């Protein structure tokens, strides 16, 4: 998708992007901003979810090498496991929590590493760049070993083979550039009136499934604050996105487009979303010249079983383009 988007952006604004500011307002894992990072003057990234903020703060915000990165990764890997941490006590079976998102050993290792990173940062042994680099590294390694079928809405009754592997931290290496790239952790509609640039990329949630529920464990690891964990899955209170609400999505979208201070706006949205292509077109046409590019591809749905099987079906991905006036 990032290659398709890069080609689309160049078709819209020209081949030379070196003087342009690109904003990814619903940045997710940061894949799009990371792909554009070497080609533009600046990337602005934002996401409502804290784990996404951490990923983007590392991959987009970090631009110079982390001193002693290999040594710090090795130090974390050598830490003994602990049993008094958030993850083991609340999301591993051995603690008596009744939940099994990670093996006991991996849960204890996640806690040991996360506590050490926090301690180093509080004691000024590492700076902010290193802090987010290490948490990002931990998030990605922990996610690969999670005992889930896909997202974190539920855990599996038995540890799957991947979840039984030992957690070994590896670095979340990023692209080094000479830029200063601001990364935000905010509601998109609250932020949009405070930022400006050339190209605004929008990839909001398509459906009613809230990211705060589907990825709550990653938010817990990234923030690492005491919370009240309820029910079988341990989902805590989270911020809900208006873009996942059938009632709120349209007014939120129209408000966002109206406030955007960017001459080029690209919205990535598929034909299965809460907003219809026709409604998107009518809304964007109010503010300038509208165009649309589509790409048909296979989309995958995960089954909730131990085999994590997938079924493919065709979907159409649209890039809705607005050349905003005024």
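Describe numerically, in nm with one decimal, the distance between label points set 7 Å from Cα along Cα→Cβ at residue 68 and at residue 281.
Spacing of the two 7 Å Cα→Cβ label points: 5.9 nm.
Need one number: nm distance between label points at residue 83 and residue 11, each 7 Å from Cα along Cα→Cβ, rounded to one decimal.
With each label point 7 Å from Cα toward Cβ, the separation is 6.0 nm.
Using the alpha carbons of the chain, what is the convex hull volume per residue in cubic angstrom, as a whole number?
For the chain, the hull spanned by Cα atoms encloses 135 Å³ per residue.
With a cut-off of 8 Å between alpha carbons and a minimum separation of six or more residues, what is the relative contact order of the chain in percent? It would help to have the intermediate numbers written out before the result.
Details: 603 pairs, mean separation 59.5, N = 326.
Computed value for the chain: 18 percent relative contact order.
What Kirkwood hydrodynamic radius, in Å, does segment 7-151 give when the mean of 1/r is taken over all pairs of distinct Cα atoms and then inverted?
Evaluated on segment 7-151, it is 17.1 Å.
How would you classify segment 161-217 from its alpha-carbon gyration tensor, with a ≥ b ≥ c the square roots of the eigenvalues: rounded for a/c under 1.5, else prolate if a/b is greater than b/c, otherwise oblate?
On the way: a/c = 3.02, a/b = 1.37, b/c = 2.21.
The shape class here is oblate.
Roughly speaking, what is the centre-to-centre gap between segment 214-281 and segment 41-104 when only Cα atoms are used, to the nearest Å?
If you average the Cα positions of each part, the centres end up 23 Å apart.
Nearest 5 is fine: what % of DSSP beta bridges in the chain come out antiparallel, could you say? Present the calculation step by step, with values, prior to reporting the outcome.
On the way: 23 of 36 bridges.
If we restrict to bridges inside the chain, about 65 percent are antiparallel.
Could you please rank 177, 64, placing first whichever residue has the fewest other Cβ atoms within 10 Å of its Cβ?
64, 177
Quick check: from the Cα gyration tensor, does segment 137-246 come out rounded (a/c under 1.5), prolate or oblate?
Taking the square roots of the gyration eigenvalues as a ≥ b ≥ c, segment 137-246 is oblate.
Here, each number is a calculation from the coordinates, and none is a lab measurement. Given the structure is predicted, the values throughout are model-derived calculations rather than measurements. Counting neighbours? That spans all protein chains shown, and the Cβs are built from the backbone with ideal geometry, glycine included.
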